[in-house]
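Student: Submitted below is the structure of interest, expressed as structure tokens.
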Amino acid sequence: VGGGCLAWLALLAVAGGVAAVAEAPKLSVMMFLADWCGRCRAMEAPTTQARAALVDEPVLFVTFDFTDQSTARQAEFLANVTGYETVWGTYERQTGFSLVVNTESGEVVTELRTPAAAAIEASLREHL
């Protein structure tokens, strides 16, 4: 589902004169959050730590922000352009978790709801 659009984004980068394009990600971590969400704030630092630990891995982190009407609308556009409309329709406007999606198949392989960096990192490595 998301792979075609990700390839399109890579093509745009090449057309724009970018010398090198990163490999296509194997996983997308779709973070559903809002400023007013307590669980979102609890997951922020651990997710950032896991992201830093996986910097050399083919993992794309995508944020869907539902803080207000403007950011929610932008999240809707992002779901459309990345090819994640189906996932969006299932989880729309829920917050406080992340979905891990296999970018080749479009399948949700797991949900991340535990605010622990080691658990987040281990879960992502398991699905790479």
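Here, each number is a calculation from the coordinates, and none is a lab measurement. Keep in mind it's a predicted model, so treat the numbers as computed, not measured. Methodologically, a virtual Cβ is constructed for each residue, glycine included, from the backbone with ideal geometry; neighbour enumeration extends over all protein chains shown.
Student: Taking H placed 1.01 Å from N in the peptide plane, check which residues at least 5 places from Phe97 or on another chain put their amide H under 5 Å from its amide H.
Tutor: The list, which skips near neighbours in sequence, is Phe32.
Student: Let me ask something additional. Restricting attention to segment 26-128, which chymotrypsin sites (Phe, Trp or Tyr not before Pro) occupy a DSSP loop and are surrounded by at most 16 other Cβ atoms within 10 Å?
Tutor: Qualifying residues, ordered by number: Trp36.
Student: If Lys and Arg each add +1 and Asp and Glu each add -1, what is the summed charge of the other residues whose beta carbon sits under 15 Å from the beta carbon of Glu126?
Tutor: Combined, the nearby Lys, Arg, Asp and Glu give -2.
Student: For segment 69-128, just run the numbers: alpha carbon Rg, then divide by 2.2 N^0.38 Å, N being how many residues it has.
Tutor: Expressed relative to 2.2 N^0.38 Å, the Cα Rg reads 1.21.
Student: I've got another one for you. Please give, to one decimal in nm, the separation of the simple spin-label points placed at Ala22 and Glu107, each 7 Å out from Cα toward the Cβ.
Tutor: 2.4
Student: List the trypsin sites (Lys or Arg not before Pro) within segment 27-128 that DSSP assigns to loop and that have no more than 15 neighbouring Cβ atoms inside 10 Å. Don't jump to the answer; show the numbers that get you there.
Tutor: Details: sites: Arg39, Arg41, Arg51, Arg73, Arg93, Arg113, Arg125; in loops: Arg93, Arg113.
Taking segment 27-128 and a limit of 15 other Cβ atoms within 10 Å, the loop trypsin sites (Lys or Arg not before Pro) found are Arg93, Arg113.
Student: Provide, as a two-decimal number, the C-alpha radius of gyration of segment 22-119 over 2.2 N^0.38 Å, N being how many residues it has.
Tutor: Working it through for segment 22-119, the quotient is 1.02.
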